Structures are given as structure tokens and as C-alpha cells.
Amino acid sequence: MDVTRGPRLVRDVDFVVSPDGETSEATRPVVALCTCGATGRPPWCDATHKLLGD
Ligand code: FES
């Protein structure tokens, strides 16, 4: 099992700043950040990682 694949859950943050400086508001107490790079709505995980082959 590849433990690096899948979202990282982050708790109690107001916003996330991407490496290119774009700010995204966190509207929930716990948010899931994409770590695979395949999401259709960065920086959030949209579960696309489940479709990636190993
Ligand atoms: S980690 Fe879930 S879509 Fe990238």
C-alpha cells in the first residue's frame, strides 16, 4: 500500500495558500488537501486519487 497517496486532512484552518500564492478559504472544520496532483478542484481532494493506478 502506498501511504503517500490520498488526501491530507487538516483541522481548524481558515485558509490554505498554494505554492503559487493562491488562497483558498477553508469552509469546514476539517478539510482534505490533495497530495496526488490529479484533483479537479485544487487544493482540495475530490477523490480522483482513487482512480489512479499503482
Ligand atoms: S489526493 Fe485525492 S484527488 Fe488528489
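Quick one: would you say Arg28 is in contact with a Ser or Thr (Cβ under 7 Å, 6 or more places away or on another chain), open to solvent by 70 Å² or more (accessible area, probe 1.4 Å) and of a type in the set (Lys, Arg)?
Taking the combined requirement at face value, the residue does not satisfy it.
Please tell me if Arg5 is open to solvent by 70 Å² or more (accessible area, probe 1.4 Å) and touching a His at 6+ places or on another chain (Cβ under 8 Å).
Numbers: open to solvent by 70 Å² or more (accessible area, probe 1.4 Å): yes; touching a His at 6+ places or on another chain (Cβ under 8 Å): yes.
For Arg5, the condition - open to solvent by 70 Å² or more (accessible area, probe 1.4 Å) and touching a His at 6+ places or on another chain (Cβ under 8 Å) - is met.
Would you mind listing the strands (runs of 3 or more DSSP E) fully within the chain where at least 2 residues are among the polar types (S, T, N, Q) and more than 8 Å from the ligand (Cβ to nearest atom)? Quick ask: steps written out before the conclusion?
Values: elements: 8-11, 15-17, 23-25, 30-33.
Of the strands (runs of 3 or more DSSP E) lying wholly inside the chain, those with at least 2 residues that are among the polar types (S, T, N, Q) and more than 8 Å from the ligand (Cβ to nearest atom) span 23-25.
The values are calculated or read from the model by the stated rules, or taken from the named source; none is laboratory data. Keep in mind that what you see is a predicted model, and the values were worked out from it rather than measured. Please note: Cβ atoms are built from the backbone with ideal geometry, for glycine as well, and neighbour counts cover all protein chains shown. The area values use the complete protein model at the heavy-atom level, side chains included, leaving out ligands, DNA and RNA. Shrake-Rupley method; radii C 1.70, N 1.55, O 1.52, S 1.80 Å.
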